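Below: one structure, written as C-alpha cells.
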Amino acid sequence: MRRADRLFQIIQILRRSTDPITASRIAEELETSRRSVYRDIADLIGQRVPIRGEAGVGYVLDRDYDMPPLMLTPDELE
C-alpha cells in the first residue's frame, strides 16, 4: 500500500471509530507495522490533523475534522 493511501486509511479508520483505537489495531487492519502507524500518525499530526492519543488507550480524531487535500512531497509518498 502506498504511503499516501495508508495516511488516508488511518484517517478513515479513526473517523469511523466511536472509541479510541490502538496503533496495534490500526496496524492489523492495514497489514503494516505498529512503528509505521506511529510514524504516520506523527506525520498527520504534523500536517495539523487533529488526532489525540494517550498511551495504552489509543487515538481519536476530532469529530469536526474535515480533511483537506494532503500536501505531501514525492519522497513522502513513498
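Just so it is clear, none of the values below were taken in a lab; they were calculated from the coordinates. If you're wondering where the values come from, they're calculated on a predicted model, not measured in any experiment. Reconstructed Cβ throughout: ideal geometry from the backbone, glycine too, with neighbour counts over all protein chains shown.
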Just to check your reading of the model, which residue among 32, 18 is outside any helix (DSSP H, G or I) and crowded, with 16+ Cβ neighbours inside 10 Å? 32
Note on the range 1-45: residues within 8 Å of the chain's Cα centre (by Cα), of a type in the set (D, E, K, R) and within 12 Å of residue 60 (Cβ to Cβ) are none
